[in-house]
Amino acid sequence: MSYTNCPDAAAKTKADSGPIDMVLVPRAVDLGEMTVRRALPSSERQMVGPFIFVDQFGPAQLDLGAGMDVRPHPHINLATVTWLFEGAIDHRDSLGTFSTIRPGQVNLMTAGRGIVHSERSPDAERRGGPKLYGMQTWLALPDGREEIDPAFEAITELPVIEDMVTRMKEAAQAICADMGCEVEFEKAGGFDPVEFDPGCVKAVRDAAERLGYSHRDLVSGAGHDACWINRVAPTAMVMCPCVDGLSHNEAEEISKDWATAGADVLMHAVVETAGIVD
């Protein structure tokens, strides 16, 4: 995927010596039925580690019959990583690859000495009016390996939670072994992922945009009341930022301006959903 008309991302530097060195606020470009937000590159920071480009596309609900149509185009001397939160994309390339990526999967395309690919919404998605929401990053290949053979890999199973649990158990066992004690593991509870009501989510998003507040959609693992209310009534959440990103901690702190902005968005979203104002 390539969008060359994204404006430059804005940068905010932090004055103190805390863990956050810089906050890059993505710039958005409206492509009609979809918005693309680009965080990298910016005038203040061209790269973060190997990452050259960082793009978010969507979330978007496209019209019936419409879809993503990124025509064949070349890449060289880099790699791209694509993953989705919603929707599906058909990938075709000059290696003869055809692959459909869906949420929970990752496409890794290594351009190397050169590859041509296209990205389009599947026909089945178009008939129902496709949703589209995802991320794509471009990575610089290591020095001396820019001209390697092109390759493509579709990773359809990502054992993220299972891997995290395994590593946690291994670390706990190692610590207890050093202390000369034993450890047992027992799952106390859990719940399936919750998908909030699209109408409520849109009301929150539209309110933030109308009021001029920066915003983003988040995937949260927290078991808030909204997760349970969502089982019986349309629900969404408004989450405000915390100082240094520290939350659910006794040292958590939020500025008055952030709290005011969150309450402002919530009020406008509720009023709009209730149909009190246009």
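The values are calculated or read from the model by the stated rules, or taken from the named source; none is laboratory data. Here the structure is a predicted model, which is why all the values come from computation and not from measurement. As a convention, Cβ positions derive from the backbone with ideal geometry for all residues, glycine included, and neighbour counts pool all protein chains shown. Keep in mind that these areas ignore ligands, DNA and RNA; they rest on the heavy atoms of the full protein, side chains included. Shrake-Rupley method; radii C 1.70, N 1.55, O 1.52, S 1.80 Å.
Can you put Val36, Val270 in order of accessible area, largest first, using a 1.4 Å probe?
Val270, Val36
Applied to region 126-132, the Karplus parametrisation 6.51 cos²θ - 1.76 cosθ + 1.60 on θ = phi - 60° returns per-residue 3J(HN,Hα) values of 4, 4, x, x, x, 8, 8 Hz, with x for Gly and Pro.
Rounding to the nearest 20 debye, state how big the charge dipole of the chain is about its Cα centre with +1 on each Lys and Arg Cβ and -1 on each Asp and Glu Cβ.
Details: 24 positive and 43 negative charges, 155 e Å.
Value, rounded to 20: 740 debye.
Computed over protein heavy atoms with a 1.4 angstrom probe, the accessible surface ordering of Arg71, Arg167, largest first, is Arg71, Arg167. Ordering Thr82, Val48, His117 by the projection of their Cα atoms onto the charge dipole of region 42-132, which places +1 on the Cβ of Lys and Arg and -1 on the Cβ of Asp and Glu, puts His117 at the extreme positive end. At the residue level, Trp228 shows approximately 110 square angstrom of accessible surface with a 1.4 angstrom probe and all protein chains present. Taking 7 Å steps out from each Cα toward its Cβ at Cys176 and Glu195 produces label points 3.8 nm apart.
Summarising the label geometry, the points placed 7 Å from Cα in the beta-carbon direction at Glu209 and Arg92 lie 3.1 nm from one another.
Solvent-accessible surface (1.4 Å probe) assigned to Asp69 amounts to roughly 90 Å².
Report summary: the helix-based calculation at 222 nm, which adds -39500 (n - 2.57) for every DSSP H run with n ≥ 4 and divides by the residues of the chain, gives -7000 deg cm²/dmol.
Put simply, the amide H of Asn77, placed in the peptide plane, has neighbours under 5 Å in Gly112, Arg113, Gly114, leaving out anything fewer than 5 places away on its chain. For Val204, Val183, the ranking by accessible surface with the largest value first comes to Val183, Val204, using a 1.4 Å probe. Using a probe of 1.4 Å on the protein chains alone, the accessible area found for Met168 is around 110 Å². Across the accessible surface of region 81-200, with the other protein chains kept in place and a 1.4 Å probe, carbon and sulfur atoms take up 53 percent.
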